Amino acid sequence: LILEEDEIINFVSSAQEQAALSQAEVQKQSIQEVRRSLPVFPYREDLLLAIQQHQILVIEGETGSGKTTQIPQFLMESGYNDGGMKIGCTQPRRVAAMSVAARVAQEVGVKLGNEVGYSIRFEDCTSERTVLKYMTDGIGLCLKVVVVIIDEAHERTLHTDILFGLIKDIARFRPDLKVLVASATLDTERFSCFFDDAPVFRIPGRRFPVDIFYTKAPEADYLEACVVSVLQIHVTQPPGDCLVFLTGQEEIETCCELLQERCRRLGSKISELLVLPIYANLPSDMQAKIFSPTPPGSRKVVVATNIAETSLTIDGIIYVIDPGFCKQKSYNARTGMESLIVTPCSRASANQRAGRAGRVAAGKCFRLYTAWAFKHEMEESTVPEIQRTNLGNVVLLLKSLGINDLIHFDFMDPPPHETLVLALEQLMAELPVDPMLSKMILASEQYKCSEEVLTIAAMLSVNNSIFYRPKDKVVHADNARQNFVVPGGDHMVLLNVYTQWLESGYSTQWCYENFIQFRSMKRARDVREQLEGLMDRIEVEVCSSGGDIVPIRKAVTAGYFYHTARLSKGGYKTVKHQQTVYVHPNSSLFEEQPRWLIYHELVFTTKEFMRQVIEIDSSWLLEVAPHYYKNKELEDSSSKKMPRKQGKAKEELG
Ligand code: ADP
Ligand code: MG
């Protein structure tokens, strides 16, 4: 028996050896096989012909049919990039741009960043040699681009919508430019209509039937319901991987943890369950894991945000669990508050999610809501982002492109008039960043602290992904974070983190030891370099305050004076709108609760929280924004010196 066992082990390992030897070859072969098996493959010639015949073409195909990875390769193979021309493919999501570029580089057989690369905001992985570029910011398209693919058009993100208007215009005076609008099987008629009845090329789907199950009654706790459903599938259903849709990192981590823990408890009673998360801030090596094949005898469960709805396709999924929620940005033009709220997803989304179960074989989709809710409580489709966002950056962007008549810009679905006007009013600087951030940077010259403020600006722009807090090391992570706390507020903490990292020689190890995300820091460094370049261009002198924190905080105030909050019973009130807000529990000032604060942003989760706050002196507001604040507004209601005015001030603000 022992011998036999040895033999088995031997057999396996020699097979592995052989596999390793010819791995490169096998890999290449199978990649070509996979390419040929994709639904788009038989349409290669027809598609290339259609592209040749039309300037603008809408391409519709089921998710996973090969639009994103194959079409750019077809174009390269047929020489569209001859003469140094480039192919650009825009992606709404950063993770998708990186992951798809990596995949295509592998298929083409080149190193990522050479012929095939990606460029996402503040991170450029391309070179002189790059022919095919996946990018999140298609607006920076260069003149050398010969084909632009607006991918995932159905997602209707802000950038996509802006791009539609711009490209439509550019295409008119660049007849040589080819425009491909690629979309899942949603809304394609609207795209065609917007682009003056451009033809639609349909890649017939290859979808197996998906059985849909609903719960009999609504689920009180959808996270728990997900966990139970996964385990139920795992023990009762035939082999096949499982995909769970949740709304964000925290939920995903919790779900993965619960699953792992229950599996551990069940031990050898069940076969192996591989639990893999995927969300935007996950380190890229972890992201890649979801694509590795499931070992025989085990089952993979991928717990994802709606990034797996259409942007990423994971092969082998047979079961989908859909709690029916997603996180959505919404914007209140009056208060200027942008919030991220968990809301029911649309029916269109739910159907896309279900479709993910039927790519390789007949599948099953378990909806953790009732059939009635699907019919009556969900919207037909998702509202385009442009109608629920802060348009400040967009306006700035369009302005910088020389588009002045924004009210008549050719939007596919125009944003609300009020939002657009407000965004125009906020416009005040010429840096390609948020107007308030620009103002802060410009003010840093006056206060002689631009060294520090540039760092703060860079750190703020990679917001909320600096500190790493793995669930199993919460105490260590929180201690590490506490060690960075310095007086003044969160901006000063961010500055401190960056300075220490710089002193460590931009060390990865340092990040690891201090629970800091290296990737975010690297991005902050890139942003900082870019901003420094801009300062140079607009001839702003870069200098340091030499340890004095008052000028730094004044510069922040100069930019963000609009975001002032004053301590009031149990919380804070914004000075302009008297809206009740709270210091975010992650803030270094959470316990201190100073009288006056400037916040970087407001987020709505369970309450309206101010994220990234800095302590200020109210008199600074008069110094930096005399046109905006009147003395009376800033009288400190708790100040003992002005007992009589207290009531009056309250009345006026009431
Ligand atoms: P579409 O854009 O039409 O949705 P894609 O081109 O994204 O389709 O996907 C085609 C195939 O490429 C799918 O089978 C998918 O699994 C595979 N694929 C895409 N990205 C990766 C990756 N990073 N690793 C492995 N396979 C991938
Ligand atoms: Mg795609």
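Some notes on this structure:
- Qualifying residue in segment 507-519 (condition: touching a Ser or Thr at 6+ places or on another chain (Cβ under 9 Å) and among the hydroxyl-bearing types (Ser, Thr, Tyr)): no
- Odd one out for Ile341, checked against (1) more than 16 Å from ligand 2 (Cβ to nearest atom); (2) over 15 Å from Ile278 (Cα atoms); (3) at pLDDT 90 or above: (3)
- Restricting attention to segment 455-484, the residues being of a type outside the set (Lys, Arg), surrounded by 15 or more Cβ atoms within 10 Å (Cβ to Cβ) and over 23 Å from the mean Cα position of the chain (by Cα) number 3.
- Taking the criterion of being within 16 Å of ligand 1 (Cβ to nearest atom), farther than 23 Å from Arg388 by Cβ and either among the hydroxyl-bearing types (Ser, Thr, Tyr) or not in a strand (DSSP E or B) (or both), the only residue of segment 167-187 that qualifies is Thr185.
- Ala50 meets each of the listed conditions (1) of a type outside the set (Ser, Thr, Tyr); (2) within 30 Å of Ile317 (Cα to Cα); (3) more than 12 Å from ligand 2 (Cβ to nearest atom); (4) touching a Leu at 6+ places or on another chain (Cβ under 8 Å) apart from (2).
- Entry remark, segment 224-280: residues being under 28 Å from the mean Cα position of the chain (by Cα), part of a helix (DSSP H, G or I) and not polar (S, T, N, Q) number 14 in total.
- Tallying residues that are part of a loop (DSSP other than H, G, I, E, B), over 20 Å from the mean Cα position of the chain (by Cα) and farther than 15 Å from Leu567 by Cβ within segment 599-624 yields 2.
- Residues being at pLDDT 90 or above, in contact with a helix residue (DSSP H, G or I) (Cβ under 7 Å, 6 or more places away or on another chain) and in a loop (DSSP other than H, G, I, E, B) - total across segment 126-142: 1
- Check on Ala288, away from ligand 2 (no atom under 16 Å from the Cβ), in a loop (DSSP other than H, G, I, E, B) and closer than 24 Å to Asn464 by Cα: no
- Where a residue in segment 43-64 is closer than 9 Å to Val179 by Cα and its partner, wherever it lies, is of a type in the set (Ser, Thr, Tyr) and within 16 Å of ligand 1 (Cβ to nearest atom), with Cβ under 9 Å and at least six apart: Val58/Ser183; Val58/Thr188
- Residue in segment 541-550 that is assigned to a helix (DSSP H, G or I) and of a type in the set (Val, Ile, Thr) present: yes
- Flag for Ala184 being hydrophobic (A, V, I, L, M, F, W, C), more than 26 Å from Ile407 (Cα to Cα) and buried (at least 22 other Cβ atoms within 10 Å of the Cβ): yes
- Single residue of segment 61-110 satisfying the filter (in a helix (DSSP H, G or I) and of a type in the set (Asp, Glu)) that is farthest from ligand 2 (Cβ to nearest atom): Asp82
- In segment 304-338, the residues that are within 16 Å of ligand 2 (Cβ to nearest atom) and assigned to a strand (DSSP E or B): Ala304, Ile317
- Criterion violated by Val145 - all others in (1) closer than 30 Å to Glu189 by Cα; (2) β-branched (Val, Ile, Thr); (3) buried (at least 20 other Cβ atoms within 10 Å of the Cβ); (4) modelled with pLDDT of 85 or more satisfied: (3)
- Filter result for Ser99 (within 16 Å of ligand 1 (Cβ to nearest atom) and either at pLDDT below 95 or more than 23 Å from Glu155 (Cβ to Cβ) (or both)): yes
- Of all residues in segment 52-96 being within 13 Å of ligand 1 (Cβ to nearest atom) and among the β-branched types (Val, Ile, Thr), the one that is surrounded by the most Cβ atoms within 10 Å (Cβ to Cβ): Thr68
- Of the set (1) within 20 Å of Gly358 (Cα to Cα); (2) away from ligand 1 (no atom under 16 Å from the Cβ); (3) of a type in the set (Ser, Thr, Tyr); (4) free of Cβ contacts under 8 Å to residues at least 24 places away in the same chain, all apply to Ser292 but (2).
- Enumeration of residues in segment 525-561 that are modelled with pLDDT of 90 or more, hydrophobic (A, V, I, L, M, F, W, C) and out of contact with any helix residue (DSSP H, G or I) (no Cβ under 7 Å at 6 or more places or on another chain): Val550
- Some residue of segment 466-478 being in contact with a strand residue (DSSP E or B) (Cβ under 8 Å, 6 or more places away or on another chain), assigned to a loop (DSSP other than H, G, I, E, B) and free of Cβ contacts under 8 Å to residues at least 60 places away in the same chain: yes
- A Cβ distance below 6 Å, combined with a sequence gap of six or more or placement on separate chains, defines the contacts here; from segment 312-331, residues that are within 14 Å of ligand 1 (Cβ to nearest atom) reach residues that are basic (Lys, Arg) in the pairs Ile317/Arg356.
- Residue match in segment 157-166 (condition: more than 20 Å from the chain's Cα centre (by Cα), surrounded by fewer than 23 Cβ atoms within 10 Å (Cβ to Cβ), closer than 19 Å to Pro414 by Cα and within 16 Å of ligand 1 (Cβ to nearest atom)): no
- Selection of segment 290-309 for residues being of a type outside the set (Asp, Glu), farther than 17 Å from Ala101 by Cβ and surrounded by 15 or more Cβ atoms within 10 Å (Cβ to Cβ) yields Thr294, Arg299, Lys300, Val301, Val302, Val303, Ala304, Thr305, Asn306, Ala308.
- Residues (over 14 Å from Gln612 (Cβ atoms), without any contact (Cβ under 8 Å) to a residue 60 or more places away in the chain and of a type outside the set (Asp, Glu)) located in segment 574-592: Val575, Lys576, Thr580
The values are calculated or read from the model by the stated rules, or taken from the named source; none is laboratory data. Bear in mind the structure is a predicted one, so any value in this text is a computation, not a measurement. Because the Cβ atoms are built from the backbone with ideal geometry, glycine has one as well, and the counts that use them run over all protein chains shown.
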